[in-house]
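J.: Just passing along the structure, written as structure tokens.
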Amino acid sequence: MLPLPDDPRMTVAEAWQAGREHLAALGIDEAGITAEVLLRHAMGVSRTGLYLAWDRLLAEDAWTRYQAHLAERARGRPVAYIVGRREFMGLEFAVDERVLIPRPETEVLVETVLRLTAQTPAPVVVDVGTGSGAIAISLAVLRPDAVLVATDISPEALEVARANAARHDVASRVQFLEGDLLEPVIAAAVRADVVACNPPYVAPEEADALPAEIRDFEPRVAVVAPGGPESLHRRLVGTALRALKPGGWLVVEVAAGQAARVVELLRQTPGYRTVQTQSDTLGWERVVSARRDGQEGSEGTGELLSPLV
Ligand SMILES: C[S@@+](CC[C@H](N)C(=O)[O-])C[C@H]1O[C@@H](n2cnc3c(N)ncnc32)[C@H](O)[C@@H]1O
């Protein structure tokens, strides 16, 4: 491992190079881009700001912060937690260890919801297990007429999601409810056009084999399904029928390799039709959707909605 010098008298370019070599020597992936992101965070500058300062001496306090960030990364802490944010659907979300870091694959779920609701005016969308709020908040931003309800079993996650809703100026359009899966939604008599969910999908017995970056830093409640993913999917599929309007859609993100089983579950569950899947950029079936039986518009919208619309 390369020692990082205490002497900060180096240019920004030299500091980047030292950080890159340090991370690479530790076997950390994407050492160049990681060093750049951490250096920018330490300096408090944009990418352009970094390049404009490229040949200047790095300030001592920035060097101290940069060393601390590199040390955190070296012990495995994900970059998104170090810098406190992650981009999702072109929007910036604050993240910390209370929430899962939103993944690019989850954008497939958001795109699916946007497509399925394209012809529905003012759709009511429930995001179960909202975490940072990435799904609900990006939908609120991208569909300004939509009404969002976001749930999570973790009160800490809901704090982060509420702050993100405020950050994107949609707090008045997203109702946050704490509780198990759809329980708080059913209790509030919400009737949804879409129930979307990116549930934890790792079985407890697989948790130890997760990459350390996930296992040691992301919240276990966000990653591991206590009774296994099958049982969680079964509960979600069963209870969603009570939260969906007739003709409404259940849209679930699944782990690579899980789609066939969830498709089968939906096909075997009376009350659903039109089961379909969407794939991510790597070709994995990532999102499974199914429609609740019944005629669209044959039921009211539920009681919770009046204060929101
Ligand atoms: C895989 S993370 C998804 C977070 C976020 N929706 C995203 O896509 O980035 C799963 C989320 O579900 C929440 N969760 C886990 N079990 C739950 C349950 N039984 N009921 C409600 N939320 C749950 C976790 O706290 C976590 O925020």
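J.: Taking a ≥ b ≥ c as the square roots of the Cα gyration tensor eigenvalues, with a/c under 1.5 meaning rounded and otherwise prolate when a/b beats b/c, else oblate, which class fits the chain? Numbers along the way, then the final one.
T.: Working: a/c = 2.62, a/b = 1.97, b/c = 1.33.
Prolate.
J.: What shape does the stretch 222-294 take by its C-alpha gyration tensor, where a ≥ b ≥ c are the square roots of the eigenvalues and a/c under 1.5 counts as rounded, a/b above b/c as prolate, and the rest as oblate?
T.: Values: a/c = 1.98, a/b = 1.27, b/c = 1.55.
In terms of gyration-tensor shape, oblate.
J.: Sticking with this structure for a sec: Any idea how far apart L91 and E156 come out in nm if each label point goes 7 Å out from Cα toward Cβ?
T.: My value for the distance between the label points is 2.4 nm.
J.: Run the helix sum for the chain: -39,500 (n - 2.57) per DSSP H stretch of 4+ residues, divided by residue count, reported at 222 nm to the nearest 500 deg cm²/dmol. Write out the running numbers ahead of the final one.
T.: On the way: 14 runs with 128 residues, N = 309.
Roughly -12000 deg cm²/dmol at 222 nm, from the helical runs in the chain.
J.: Between A118 and D180, what FRET efficiency follows from the Cβ-Cβ distance if R0 is 35 Å, with the result rounded to 0.05? Show your work: numbers first, answer last.
T.: Working: r = 31 Å, r/R0 = 0.88.
Given R0 = 35 Å and the Cβ-Cβ separation, E is 0.70.
J.: Under a point-charge model restricted to the Cβ atoms of Lys and Arg (+1) and Asp and Glu (-1), what is the dipole moment magnitude of the chain relative to its Cα centre, in debye to the nearest 20?
T.: Details: 31 positive and 43 negative charges, 145 e Å.
Computed charge dipole of the chain: roughly 700 debye.
J.: So for the chain: antiparallel DSSP bridges make up what percent, rounded to the nearest 5? Mind showing how you got there, number by number?
T.: Numbers: 17 of 37 bridges.
If I count the DSSP bridges inside the chain, around 45 percent turn out antiparallel.
J.: Still on this model: Which ³J(HN,Hα) values, rounded to whole Hz and listed in residue order, are derived for the stretch 201-206 from phi using the Karplus coefficients 6.51, -1.76 and 1.60 in 6.51 cos²θ - 1.76 cosθ + 1.60 with θ = phi - 60°, glycine and proline given as x?
T.: 10, 10, 6, x, 6, 9
J.: Please give the contour-minus-distance gain from L57 to D145: 0.36 nm per residue of separation, less the Cα-Cα distance, rounded to one decimal in nm. Could the numbers behind the result be given before it?
T.: Working: separation 88, 0.36 × 88 = 31.68 nm, distance 4.95 nm.
Fully extending the segment from L57 to D145 adds 26.7 nm.
J.: Still on this model: Please report the relative contact order for the chain, taking Cα pairs under 8 Å with a sequence separation of at least 6, and give it as a percent rounded to a whole number.
T.: On the way: 560 pairs, mean separation 43.4, N = 309.
Relative contact order comes out at 14 percent.
J.: Obtain the nm distance between the two label points defined at Q276 and M10 by a simple spin-label model: each point lies 7 Å from its Cα along the Cα-to-C-beta direction.
T.: Rounded to a tenth, the inter-label distance reads 5.3 nm.
J.: Suppose R0 equals 45 Å; then what is the FRET efficiency for R267 and R75 from their Cβ-Cβ distance, rounded to the nearest 0.05? Kindly include the intermediate steps, with their values, before the conclusion.
T.: Working: r = 46 Å, r/R0 = 1.01.
Efficiency, from the Cβ-Cβ distance: 0.50.
J.: Hey, another quick one. Compute the length gained on full extension between A68 and V223: take 0.36 nm times their separation in residues and subtract their Cα-Cα distance, giving the result in nm to one decimal. List each step's numbers first, then the result.
T.: Numbers: separation 155, 0.36 × 155 = 55.80 nm, distance 2.74 nm.
Contour length minus the Cα-Cα distance gives 53.1 nm.
J.: Beta carbons within 10 angstrom, averaged per residue: use that to sort the peptides 181-188, 244-251, highest first.
T.: Working: 181-188: 19.4, 244-251: 24.4.
Result, highest mean Cβ count within 10 Å first: 244-251, 181-188.
J.: How big is the Rg/Rh ratio for the stretch 146-215, C-alpha atoms only, Rh by Kirkwood, two decimals? Provide the component values of the computation, followed by the final result.
T.: Working: Rg = 14.7 Å, Rh = 14.0 Å.
Rg/Rh for the stretch 146-215 comes to 1.05.
Read-outs: derived from the displayed coordinates by stated rules, not from any lab. Note that the structure is predicted; figures quoted are calculated from it, not measured. Because the Cβ atoms are built from the backbone with ideal geometry, glycine has one as well, and the counts that use them run over all protein chains shown.
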